[in-house]
Every structure is written in C-alpha cells, then in structure tokens.
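The values are calculated or read from the model by the stated rules, or taken from the named source; none is laboratory data. Note that the structure is a prediction, hence the values are computed from the model and not measured. FYI the Cβ positions are ideal-geometry reconstructions off the backbone, even for glycines, and counts take in every protein chain you see. Note: areas computed on protein heavy atoms with side chains; ligands, DNA, RNA excluded. Shrake-Rupley method; radii C 1.70, N 1.55, O 1.52, S 1.80 Å.
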Amino acid sequence: MAMTARQRARISRGVQYGLLVVIVVALVFIADWNTLISRALNPSVMAQQFPQIITVALKNTLIYTALGFVAGMSGGILLALMRLSSVAPYRWIATLYIELFRGVPAVLVFLALGFGVPLAFQVRFNNLVTVMLALGLVSAAYIAESLRAGLQAVPKGQYEAARSLGMSHARAMVTIIIPQALRIVLPPLTNEVILLAKDSSLVYLLGMTVAQYELTKFGREAISGTGAGLTPLVLAGVCYLIITVPLGLLARYFETRADARSARK
Amino acid sequence: MKKSTATATAAHPASVTIDGLHKSYGSLDVLKGISLDVQPGEVVCLIGPSGSGKSTLLRCVNLLETPQRGRIQIGDVEVTDPDVDIDAVRRRVGMVFQQFNLFPNMSVLKNLTVAQRKVLGRSESAARQTALHNLERVGLADKADSAPAQLSGGQQQRVAIARALSMDPELMLFDEPTSALDPETVGDVLSIMRDLAKEGMTMLVVTHEMAFARDVADRVVFMDGGVVVEEGLARDVIGAPQHQRTQTFLSRVLNPTQVHTPES
C-alpha cells in the first residue's frame, strides 16, 4: 500500500478519464442515429428554414434583446443610484422594486404587461413597446444589483484619493469610480444580455404577426406547420448560441485586457 | 537629470490652525478638543498609539472626516466654515495615504495628469510636463508609462507623492505613508519626504518612524485617547519626553523587543 501522492493522483485521473469514455461510448451506441438525424438534424428541413430564420427570427431576437437591454440598463442605472441614495424613501422603493421583479418569473411580467395593464388602464401598447418594457422591467432589477455591487466593490480609498485631488463627487464618480466599476460589472452584465436573449422567447405570449417571430416562436411554428420533427428547434438553438457564445468571448477578451493592464508585471 | 535645480515646491506654503476640534462616531469620542498651530513651511509629526485619533485629525484637515465642533483654518481659508468650497480647499492640500490609492486602471503618468486636467484645467502638455518633473523629483521618471501594479510598494508611494505634488499644493498631509511598505523601501519614501521638508513645504505627518520624526520634524505632537498629551521640539519630545504616557509609548516603539512588565 505504499503509494505516493503523485501515484494516487495519477490513478484517480485515470479513473475519471475512463468513466468519461464509457459514458460517451454508451450514449453513441444507445442513440438511434437514423431517427435522430431524420427527426432532429434533417438536412432538407434545415434548408427550408433559410433564409427566414436569419432574416426574420434571428434579427427579431437581436432587436428584442437590444431593446430590453437599453431599457434594463436605463432602469438599472436609475435603480442602482436610488439604492445608494441618501434619501431613504428612494432606497426603499428601489429595494422593493428589485425584490419584486427579481422574485417573479418573467412570464408573469409579460402576461401582466400584455393583458393586465391594457385591461386595467384601457391602453394598448404596440408589441415592440410591450417587449421592451417587459424585458426591461425584469432585467433592470438584476442590472441594478450588479451595478450597485460593482460601484461598492471599488475600494473607498479610490474615492478618497479622487476627492483629495480636488475632484467633485460627480467628477470622482465619472472619472475614477465608474470606469473601475464597469470592469467589475462586465461579467454579470454579459450574463444579463445572455439571459435577455433567451427571455426574449417569451414574446410569443403576446401574440405576434409572422414578421415579428423570434427564434423560438419561429421554430415552433415550423414544427406545427410541417410535421418537420425537432429540426427547426435544434436550428433555433444553434442561432441562440450564435448570439451568446461571441458575447461570452467578447466579455472574456475585455476582462483579460483589463486584467493585463492592471496586473503585476 | 539636467533639471535637478532645487525648485521650491510650495511657492506659498500655508499655515494650519486647529482650534478645539471634536470628532465622534456615535458615542465614541475620537478627538476631544484638539488645538494645534502649524507655521508655513513647518514639518509637524503626529505620533501616538493606534486609536489615538491622529489619522482622524489629519483626515479632518481636508474634510475627509467632518468634525462636529471646532475650527480648522488653512492659510486664510476656514475649512470648517459650512459654506466653504471644499473642492477648492482640497486643490491646495496634497494627501498621501497609507495604501497609496493610485488609480490602478491608469498609467503612472495618467495618475499624475488626470486631476491636473480635470480639476485645474491644465492643457495636456502642461499637465504632462508637470507630471514628468514631479516623477523626476521622486526618482521615477522612467516609470511614466508603467501600470501602478508593476511597481513595488515604495515606488507606488513615491508616485502617490508625485501625484499630490503635481497639483502644486501649499500643504501636504501624510497618513502613515510608510506603514504598508516593505522595510527595504521605506528609506526611499522617507528621503523624498525629507527633501520636500527642506524645500519648505508645510507638512503634517502621521508616522511611526521615530527616527524620521526626530531628524526631520520641526515639532512632534504626541496624541493619546483623542487629546494632545505633549508637544514640542522633536528632539525634546522624542529625546526627553515629560509625560508618563509619552515615555511608555516611546520606550515601546524604540525598544520593541524589550519585555514590558505591567507596573504594579
């Protein structure tokens, strides 16, 4: 039983690799490849989805995500400032808002805005406005918390140094604190955009014209219309990844660049 | 090194007058009526055990802490006047922190120019020239394009001093400037402060460096429990302290290895 720590580590690693190989091989043999390809990866069905899946569905998903992010960022900045305000009622309102919209599923917010608000106030927004509001209301709560955490994560000494050099509060925030907070906030903000891209699929609840279909709705319609199996949804999934993976890579690029600038040596 | 002519730093070193200063956090009284006069060009070291209120006193001078009662005057401006333009006061007062507080996302040069540009409204070239001049004074002209994190602690603190000097202050506040440094880099920082003192800058220094206080300070103020226990010429206070508390403190600081038995 005289094994060195290094031998034990090597054996443990060998077991883990072995397990992985067994699982992959088992999945490959269990899967019914013919059915899988014809139902979920059917090339002719895939071909039918083009070009609309790009020109309509992907485009709309991007538009909804961007609208939601603009609304969420605006609301988030406002809420974060309210959370850090010295006026207590502002802090209470912001806290209440954040707890409410973080705690409620986005589906409910969409339904409330799409059906509840029009009934209650006798107003009818067009769909784009509803999408923007619904996505914005939810993401503002998350973004506000990320921004607040980012601002508070900048060491107090940075603010004191800025003020000691004669900068006003506003100047210190804009020139010294916020640039450093943005670096801290970048990963959670990227997460938020990715969540928004996925949450934009909830737009289907509002009832859409064909020209307004985003990826998920587009995929579902393609299935129900043609009996095309799961292929359109698989393709829609790939389209989501086309949006989200580059975002993740971009965020990591900025992160490493910022780290390299302030890293030791 | 051709520009090493001894340039007077503080064209108009300011005086400081502190009168009956009180500061408390809730029920904790940190400063219990401090009065202190600093002449233009004078170097005053504040010494004392931690928690004695010396850092708080220093931070009150540029209103990083707001005193509850008492008066502070820098030159002819009353800092404690509720209507004072505090940003204008701070423009004239340099502050050096224990933790340097350099801006980590900016180059050394940018650290020195950003406030000159945004606060004093100097042109890019004028700010740059002032910055390079001050970097040369602290012996780091070759580090202008480095990131703060690439420098040693001592170098960072020298940059922080150069940053404060770039605003052409009339008064410099040092809050334990060498306490966070590796021992071998302390000397460089102290020697820059010594040069600054020689050039006639008014300096208020919170420090535990007794040798520096003895050699450089015109006066030493010993604080304990929020009051000034003893003040006087540096060689008197450190060499021949009059009060029991000063004697105990100094003997502990100067002979840290000596075993102290509580007097019965």
request  = Please give the number of the condition residue B:212 fails out of (1) surrounded by fewer than 22 Cβ atoms within 10 Å (Cβ to Cβ); (2) farther than 26 Å from residue B:33 by Cβ.
outcome  = (1)
ask   = Out of the stretch B:129-139, which residues are touching a residue at least 12 places away in the same chain (Cβ under 8 Å) and surrounded by fewer than 20 Cβ atoms within 10 Å (Cβ to Cβ)?
value = B:132, B:133, B:136, B:139
request  = Kindly list the number of the only condition in (1) open to solvent by 80 Å² or more (accessible area, probe 1.4 Å); (2) in a helix (DSSP H, G or I) that fails for residue B:83.
outcome  = (2)
message = Tally up the residues in the stretch A:57-105 that are farther than 19 Å from residue A:191 by Cβ, of a type in the set (Lys, Arg) and open to solvent by 80 Å² or more (accessible area, probe 1.4 Å), please.
response = 2
inquiry  = Let me spell it out: the conditions are (1) modelled with pLDDT of 80 or more; (2) within 13 Å of residue A:54 (Cα to Cα); (3) of a type in the set (A, V, I, L, M), and residue A:211 meets all of them except one. Which number is the exception?
reply    = (1)
task = Kindly indicate which of B:35, B:24 is assigned to a strand (DSSP E or B), among the small types (Gly, Ala, Ser) and open to solvent by 40 Å² or more (accessible area, probe 1.4 Å).
result = B:35
query = Restricting the stretch A:164-190 to residues that are among the β-branched types (Val, Ile, Thr) and open to solvent by 40 Å² or more (accessible area, probe 1.4 Å), which is nearest to residue A:151 (Cα to Cα)?
reply = A:178
inquiry  = Please go through (1) surrounded by fewer than 20 Cβ atoms within 10 Å (Cβ to Cβ); (2) of a type in the set (A, V, I, L, M, F, W, C); (3) in a helix (DSSP H, G or I) for residue A:193 and return the number of the only condition it doesn't satisfy.
reply    = (1)
key: Enumeration of residues in the stretch B:86-110 that are open to solvent by 20 Å² or more (accessible area, probe 1.4 Å) and β-branched (Val, Ile, Thr)   = B:86
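Results for (1) farther than 17 Å from residue A:41 by Cα; (2) open to solvent by 30 Å² or more (accessible area, probe 1.4 Å); (3) in a helix (DSSP H, G or I); (4) out of contact with any Lys or Arg (no Cβ under 9 Å at 6 or more places or on another chain), shown as yes or no for each residue.
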position: A:203; (1), (2), (3), (4): yes, no, yes, no
position: A:211; (1), (2), (3), (4): yes, yes, yes, yes
position: A:229; (1), (2), (3), (4): no, no, no, no
position: A:235; (1), (2), (3), (4): no, no, yes, yes
position: A:242; (1), (2), (3), (4): yes, yes, yes, yes
position: A:245; (1), (2), (3), (4): yes, yes, yes, yes
position: A:251; (1), (2), (3), (4): yes, no, yes, yes
remark   = Over the stretch A:222-237, the set of residues over 20 Å from residue A:190 (Cβ atoms) and at pLDDT 85 or above is A:233, A:234, A:235, A:236
remark   = When every residue in the stretch B:111-128 that is facing chain A (nearest Cβ under 10 Å) and among the β-branched types (Val, Ile, Thr) is compared, the one most open to solvent (accessible area, probe 1.4 Å) is B:119
request  = Looking only at the stretch A:190-212, count how many residues are closer than 16 Å to residue A:240 by Cα and of a type in the set (Val, Ile, Thr).
outcome  = 4
ask   = Within the stretch B:141-183, restricting attention to residues that are farther than 16 Å from residue B:193 by Cα, within 11 Å of chain A (Cβ to nearest Cβ) and not in a loop (DSSP other than H, G, I, E, B), which residue is most open to solvent (accessible area, probe 1.4 Å)?
value = B:150
ask   = Among the residues of the stretch A:147-163, which ones are open to solvent by 30 Å² or more (accessible area, probe 1.4 Å) and of a type in the set (Gly, Ala, Ser)?
value = A:149, A:153
